[in-house]
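The values are calculated or read from the model by the stated rules, or taken from the named source; none is laboratory data. As the structure is a prediction and not an experimental result, all values here were calculated from the model. Note: ideal-geometry Cβ built from the backbone for every residue, glycine included; neighbour counts use all protein chains shown. These accessible areas exclude ligands, DNA and RNA; they are computed on the full protein's heavy atoms, side chains included. Shrake-Rupley method; radii C 1.70, N 1.55, O 1.52, S 1.80 Å.
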Amino acid sequence: MPIFAATFTTTMLEKVEHYLEELKELRANTAEEAENLRIKFLGQKGLIKGLFAEFKNVPAEQRKEFGQKLNELKNQAQEKIQQLKDRVAGDEASSAAADMDLTLPGNEFALGARHPISLVRNEIVDIFSRIGFNLSEGPEVEDDWHNFSALNFPEEHPARDMQDTFFVSSLDGEELALRTHTSSVQVRVMENEKPPIRTISPGRVFRNEAISARAHCVFHQIEGLYIDKGVSFADLKQTLLYFAREFFGEDARIRLRPSYFPFTEPSAEMDVWWGLETEADKRITKGTGWLEILGCGMVDPQVLENCGIDSSVYSGFAFGMGIERIAMNRYGINDLRMYFENDIRFLRQFKGAL
Ligand code: PHE
């Protein structure tokens with residue numbers, strides 16, 4: 001009996017050793033193969049369960065050794081099969097990635113769009129920055145000096161009238177205005193900087209007007225200012241022509257019409273040739289074919305003096321344009337109010353524009 005028992009246990013131990021070796025060689029290429037190995041080794045009717053079932057037949061004095069080996073086999077089988085499962089799962093994921101068609105269009109990103117006013121402003125700022133104009137800004141709530149007095153608006157000028165200007169009072173009772181044009185920034189720049197000055201000042205302006213398709217109480221302007229020795233009207237005209245060609249295209253044509261502003265002398269308004277072929281052209285240009293774009297002129301020597309610049313040494317030009325008007329023409333927008341309503345169907349159309 002002892003001989004038989006010894007032989008039996010040796011065989012059982014050998015079996016376990018054999019399976020431990022077999023474990024090391026296990027391979028699986030698919031999840032299914034790995035699962036079949038799990039069933040074979042660790043399943044309810046698997047071979048490890050079978051070995052445990054034989055435990056009762058092992059002689060008492062050998063049970064310890066056999067039990068330890070058997071537990072080792074079970075642990076190693078669990079570990080190995082888990083490794084195989086993890087590996088095939090990883091392989092399947094990466095081969096799924098390799099099957100992906102990278103030329104297919106991607107999922108669209110929920111990106112917003114820039115506002116048409118921003119688009120046009122950025123483009124204009126960019127055009128002038130290419131010829132050395134820097135960017136400047138001033139406050140939207142402005143005092144009388146910067147918005148009017150320094151710019152030669154006489155005391156009784158109608159533009160100061162309550163009808164055109166929104167007035168506000170500061171906490172200490174000073175009467176302030178919402179700036180009616182970006183020309184106020186000209187004054188601030190001239191007061192604070194020494195010539196040569198080349199600057200572009202975009203910003204929001206406010207006028208007390210009834211809101212309609214053609215007028216609004218808030219709109220945007222871009223101011224330009226150039227001060228140096230010997231600046232002439234020819235420089236102004238060439239600068240504006242450069243701008244018109246950059247913005248409207250190489251064959252853009254401009255004309256300057258005499259005009260009046262208190263702070264420039266001489267003053268002009270610039271028109272750009274639009275065309276006069278269709279009914280729409282007639283409507284847009286009021287039957288002239290020309291589109292009015294901006295006001296401009298040579299900075300009045302008195303304005304230079306008001307801002308501390310010696311007008312016997314320096315001269316300069318200034319111009320100011322309305323962004324809404326230019327954007328209307330660029331994008332075919334026919335109602336100013338659209339700019340301020342934030343209707344997503346309107347704004348969405350400018351997606352992708354830079
Ligand atoms: N500030 C003027 C306006 O709002 C435009 C302008 C700017 C004219 C600079 C001449 C020089 O109409």
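Volume of the convex hull of segment 39-116 (Cα atoms only), normalised per residue: 146 Å³. Couplings 3J(HN,Hα) of segment 114-129, computed from phi: 6, 5, x, 5, 5, 4, 5, 4, 4, 5, 5, 4, 5, 4, 6, 5 Hz, in residue order, whole Hz [Karplus 6.51 cos²θ - 1.76 cosθ + 1.60, θ = phi - 60°; x for Gly and Pro]. Under the simplified labelling scheme, the residue 310-residue 242 pair shows an inter-label distance of 2.7 nm, with each label point 7 Å from Cα along Cα→Cβ.
Computed over segment 189-293, the Cα gyration tensor eigenvalues convert (square root of 5λ each) into semi-axes of 27, 21, 13 Å, ordered from largest to smallest. A helix-only calculation puts the chain at -13000 deg cm²/dmol for mean residue ellipticity at 222 nm, using -39500 (n - 2.57) for each DSSP H run of at least four residues, averaged over all residues. Here the chain yields Rg over Rh of 1.53, to two decimals, using C-alpha coordinates and the Kirkwood radius.
A simple count of charges around residue 84, restricted to other residues whose Cβ falls under 11 Å of its Cβ and scoring Lys, Arg +1 and Asp, Glu -1, yields 0. Translational D (Stokes-Einstein, µm²/s) of segment 311-353 at 4 °C and 1.567 mPa s when Rh comes from the Kirkwood sum over C-alpha pairs? Approximately 99 µm²/s, per Stokes-Einstein.
These residues, 103, 288, 264, go from largest to smallest accessible area, 1.4 Å probe, as 103, 288, 264.
Between residue 334 and residue 229, the FRET efficiency from the beta-carbon distance, with R0 = 35 Å, is close to 0.20. When restricted to Cα atoms, segment 146-221 yields an Rg and a Dmax of 13.9, 42 Å, respectively. For segment 79-127, the Stokes-Einstein estimate of translational diffusion at 37 °C and a viscosity of 0.692 mPa s comes to 208 µm²/s, using the Kirkwood hydrodynamic radius over alpha-carbon pairs. When you restrict to C-alpha pairs under 8 Å that are six or more residues apart and normalise by the size of segment 13-105, the relative contact order lands at 39 percent. Think of a 1.4 Å ball rolled over the protein heavy atoms: the chain then has 58 Å² of accessible area per residue.
Distance from the Cα centroid of segment 167-228 to that of segment 124-151 is 7 Å (rounded to whole angstrom). In segment 99-254, the convex hull through the Cα atoms has an average projected area of 16.0 nm², a quarter of its surface area. Structural size metrics of segment 229-354, computed from C-alpha coordinates, are Rg and Dmax of 17.7, 55 Å.
Measuring against 31 Å, Cα to Cα, the residue pairs 56/85; 45/69; 194/351; 24/64 contain 56/85; 194/351 as the ones spanning a longer distance. Under the definition of Cα pairs under 8 Å and six or more residues apart, what whole-number percent is the relative contact order of the chain? About 16 percent, as a whole number.
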